[in-house]
Ligand SMILES: [Zn+2]
């Protein structure tokens, strides 16, 4: 085990240094088929069942470009305000690795399909930070290695390794930022906010599942420090295995404090790949190589250049959905939210989920309340991202509808949601199985209503004189008496009935 | 010897389709011939007796109900061992793929089967098509039927030798720097490299992707044209495949055979003669040019000044691409795995190294090292980059030449077949074999070799190379077919009939 590295207090880091960030995000596209063959592009599956001669790199097999992937790449580029190349090629990146079938990755090198863009990122305080995009290019994913035996699933010390090529050849878009300077203390926040904004953007484009936990969105964070009086960037490290938004923030912050301690201690930062450890929120050095890898890039001779017509580019551009921030403004107006309410929604990563729930028929206030309060709490308890909860917007909308029509009280509705989260099936099935029906025996309710009216004769009198709004106090009393199992709507109806 | 094996593919097909002879009989005759002479020639690495007879029987069944899959249905063929076949091992002449049974058929293989062509087996070749003599095969050299002590050319020596030995009337080759045309020339057979992109490379085990092109081999120009039309055509599985109709090469061959080349302008490439060219080869070439004139063609001299750089550019581009294409042979998924009995103790990298060390022959290693170097950081521009520029210049030479003439002609190779072992230790001398053929690979245009007689000093065949612009393959077929008729008339019968009898040797 390597010793725990020295770190410097974060505030002190910022007194002495300016951080420089570079973020490389890999996005797996959600095309039906892989980048260069007809195999299904699906997550999981029995190992080596979504493979063919092409993605296994069999002798003689040749790639053929997935047109849908090219279209997705261009839409991503356009959404990131990039220029789209008039002519570009694939290149081969040559290196040996057992989970890479051809021992070269078909990628793009000096001729990316999209370049020179930017993404405006909203930070927690509502200010905007512009992230300049260097390029977005197409490439193929590798297979997966599973190292068996030895320690912690690492290749070193493993007894043997298993290879699964289902992921080999899955279309990837790599989005690379220019070096981000001027973030200061907010570097970790900017990194997180950028990845979150990118994720929203990609989700809006419907080009990827953008699931960090499943690896369909992966972020490599490059971090370096510049002394306050320096004119050149410091040596950077590249941290991989950053699998959640929170980890992006923590990884950047940790590397800043580690770099500073090394530099102040008179040491040098080694340009290397580091791995983020979720449990300790620290990074450790990857396998160091004796010599720098020479990938011997050259244009892929098995593929012809791609020259998207300007008409196609214009068509794709015109067909882009509203950017998330424009859409946010629209939804804010539609749903009548204050700026603070909107920000809560965005910070909770609930905007898309609420929108989808509204689309599925729920009222926006109801949908918002579910996702921002109850479901957010559940996500926190389960240590999951909100979107990863095993409940769909449609299911939330159904629960909401059952509350609206009086079939469920709020309390019972939460029990139904718990059932869905526990994998007990659709809301209606949970209601059935758990027997979560609202008490609808009017005789019992009527008695409770009469009792409450008798207890508050002055209120009863108001209601009788037509001030229906006063019924609220009686409803509250009845709900209290029935321990929340009564249908509030029905209670109100009964109160008015008894007072007329 | 059965007379069936001496027939042209066109004539044999005619007999089969008229039910004068069955496809099974025709196939059996060739299998018998292989059994008889291949011990001496070693054209085949694998003979698929059962598969061939079954395919032939199927053709006979179809013909019996009036279905003829193609003009060549029922005719046997020898397939270069670089094309994947689901029912026969595909070794590419290398130990690293010994006994590898591919899980899929190459597009060319599929088209041959769909046309009812009977695949007899897989032919010998230089390992990974790297070579000009078939001596680089990991399974031993093929012998030239004209003189068994001599090389049959390469890399497709097995395919061409099988034609000259009457083991098959048709064969498939692949041409990266001359691997169809040069073996054709030195075995007295016809070899065609179609325009790059007109025959699918899907299932062709890659040597150099931007240069590799499969094509037909036969004993006559018409047979080659018939086979050309079977295998050519757009294939979505090969992105470099050209989506255009197949050129009318059969029609052109038939037109050429009428013996009239009036109105055709032929350019003689000035740069392809001089030092290093065997006198007998030059004499055959000059005689051929005179015959083209006699057929009515207008002959002019044309200069292609950059052709002299072709060999150097080729030996940077081809090894560069090869170094990457051959990286996949890592002992992980298929082919040879060498672990020295210590698999549990070795890393994947160590097993890969041991396997590549044992599985690749010296020429393959030489080119992998050369290509790896040429693509390295700091050397890329000087080597790979410059070679690509030369490639552009050579294409321009062709473009300006074809503005003046319809086809270009040159000797196919500077010399006739040399002795086995003679140049094996001298790679540079070996590389000179492909001096005249390489420019068309770099430019991607069409080119073929047709026998042009026997060199006076050694009695061995020489080849006339005819080159046509990209996607104008029919022009070279017309010229070659016209020349073939005139040549046979002048020499009193087909050249191929002068191949020595092999029976005595093998007995
Ligand atoms: Zn596949």
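Below are the figures for this structure:
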{"quantity": "Residue-averaged beta-carbon neighbours from other chains (10 angstrom radius) around A:298-307", "calculated": "5"}
{"quantity": "Whole-angstrom Cα spans of the protein assembly as shown along principal axes, big to small", "calculated": "131, 77, 60"}
{"quantity": "Rounded to 10°, Cα long-axis angle of helix A:245-264 versus longest principal axis of chain A", "calculated": "50 degrees"}
{"quantity": "Whole-percent pair-distance distribution, where bins are 10 Å wide, for the alpha carbons of the stretch B:195-244", "calculated": "28, 50, 22, 0"}
{"quantity": "Computed label-point distance, nm, for sites residue A:294 and residue A:87 using a 7 Å Cα→Cβ extension", "calculated": "2.9 nm"}
{"quantity": "q = 0.13, 0.22 Å⁻¹, the stretch B:92-204: log10 I(q)/I(0) [Debye, one scatterer per Cα]", "calculated": "-0.46, -1.30"}
{"quantity": "Over 23 Å [Cα-Cα, the stretch A:322-434], rounded percent", "calculated": "26 percent"}
{"quantity": "Chain B: radius of gyration over Cα atoms, expressed as a fraction of 2.2 N^0.38 Å", "calculated": "0.91"}
{"quantity": "Whole-Å distance, taken between Cα centres, linking the stretch B:339-389 and the stretch B:221-250", "calculated": "34 Å"}
{"quantity": "Antiparallel bridge percentage (DSSP; both residues within chain B; nearest 5)", "calculated": "65 percent"}
{"quantity": "With Cα atoms, 0 to 90° folded angle of helix A:67-79 axis to chain A main axis", "calculated": "80 degrees"}
{"quantity": "Averaged over B:368-379, number of beta-carbon atoms from partner chains that fall within 10 Å", "calculated": "2"}
{"quantity": "Rg/Rg_ref, the stretch A:411-500, where Rg_ref = 2.2 N^0.38 Å and atoms are Cα", "calculated": "1.30"}
{"quantity": "Cα shape, the stretch B:339-394, gyration tensor, a/c 1.5 rule", "calculated": "prolate"}
{"quantity": "Average beta carbon contacts from partner chains per residue of B:322-332, 10 Å cutoff", "calculated": "6"}
{"quantity": "Cα-based convex hull volume of the stretch A:98-180 per residue, rounded to whole Å³", "calculated": "158 Å³"}
{"quantity": "Degrees separating the helix A:442-455 axis from the principal Cα axis of chain A, which is the longest one", "calculated": "70 degrees"}
{"quantity": "Protection-proxy order for peptides B:111-117, B:207-213, each taking the mean of Cβ atoms within 10 Å per residue, highest first", "calculated": "B:207-213, B:111-117"}
{"quantity": "Where only alpha carbons of chain A are counted, the Rg and the Dmax (Å)", "calculated": "28.1, 91"}
{"quantity": "Size of the stretch A:289-329 as Cα extents on the principal axes (Å, biggest first)", "calculated": "52, 30, 12"}
{"quantity": "Calculated on alpha-carbon atoms, Rg and Dmax of the stretch A:1-88 in Å", "calculated": "21.2, 59"}
{"quantity": "For the stretch A:10-311: relative contact order, % (alpha-carbon pairs under 8 angstrom, 6 or more apart)", "calculated": "25 percent"}
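Values quoted throughout were computed directly from the atomic coordinates according to the rules given, and no laboratory measurement underlies them. All values reported here derive from a predicted model rather than from experimental measurement. Reconstructed Cβ throughout: ideal geometry from the backbone, glycine too, with neighbour counts over all protein chains shown.
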